[in-house]
Amino acid sequence: MKKSILQSIMQYLLFAATCIVPLSGNCQQELTATEIATKAYERMKGESSGYSAMNMEIIRPTWNRKISFKSWSKTTELSLSLVIAPKKEEGQTFLKRGKDMWNWNPTINRMIKLPPSMMSQGWMGSDFTNDDLLNEASIVTDYHHKLAGNEKIEGKDCSIIELEPKENAAVVWGKVIMWISKGDFLQMKTEFYDEENKLIKSQFAFDIKKMGGRVIPTRIELIPADKPGNKTVVTLESIEFNIPIADQFFSQQNMKAVK
């Protein structure tokens, strides 16, 4: 009897030990779809805050355009982005506080509050919408999440998460499907659908390597479904996670001063 009890205790401790490791692929199966989506978001944005510097290339059949920008975020409520190149757009900033979003354009010396009608428009002429870049946390807060299966993407076993909008949520997409890798919670692929369930665009992750102390994708490609030859590529230049940022940093006053 004592041996049986001891064996049971050892088996329990062994199971518990495997689930203590936060990036365990086996334990991901025990998480809810919402928990998996949240971990994927935090993987790239930081659990409390983050900073990144990125280059974006907008690719069209007859022309290309490059934009460089910096981005700061804190929790899911605050974010600030600053365009640093090209010269024509240098100094433009975009602020999100909760559900409110603004754009500061120093060329015309004007502050604009972005209405819901502008959230589906392309950010700086790219294939990313204003909602994609300014309201990234929406995938966690504005959707119901459901596990829809498993599939291998780029050699990684992934959980397939379906996102359906919550009632009265102010979102652009009618449905989103995410492929999130098991074990390291990388958002390997994402499909965006309209309200009629038509695929609008697909997002893919590449060049996975260690940056900012964790392994993450450092190149993202966004490809429209019905525009051959169109693509937007974002390359990560640097990133920091969970850095101290005061709430006051995310203000309209700082939009005009941040560098």
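A few comments on the model shown:
- Failed item in (1) loosely packed, with under 15 Cβ neighbours inside 10 Å; (2) under 24 Å from K99 (Cα atoms), with V176 passing the rest: (1)
- The residue that is farthest from I243 (Cα to Cα), among those in the range 189-213 that are of a type outside the set (D, E, K, R) and surrounded by fewer than 17 Cβ atoms within 10 Å (Cβ to Cβ), is N197.
- Every condition in (1) outside any helix (DSSP H, G or I); (2) farther than 21 Å from I220 by Cβ; (3) of a type outside the set (D, E, K, R); (4) out of contact with any helix residue (DSSP H, G or I) (no Cβ under 7 Å at 6 or more places or on another chain) holds for S117 except the one numbered (1).
- If you go through the range 85-113 and keep only what is outside any loop (DSSP other than H, G, I, E, B), within 21 Å of the chain's Cα centre (by Cα) and surrounded by fewer than 16 Cβ atoms within 10 Å (Cβ to Cβ), you end up with R97, D100.
- Cross-chain or 6+ apart pairs with Cβ under 8 Å, the range 219-247 first and closer than 21 Å to G46 by Cα and of a type in the set (K, R), then in a strand (DSSP E or B) and modelled with pLDDT of 95 or more: R219/A205; R219/F206; R219/D207; R219/V233; R219/V234; R219/T235; R219/L236
- In the condition set (1) modelled with pLDDT under 95; (2) in contact with a Leu (Cβ under 9 Å, 6 or more places away or on another chain), K231 is compliant with all but (1).
- Every residue from the range 171-192 that is touching a helix residue (DSSP H, G or I) at 6+ places or on another chain (Cβ under 7 Å) and of a type in the set (F, W, Y): F185
The values are calculated or read from the model by the stated rules, or taken from the named source; none is laboratory data. None of these values were measured; they are calculated from a predicted model. Here the Cβ is made from the backbone with ideal geometry for all residues, glycine too, and neighbour counts use every protein chain on show.
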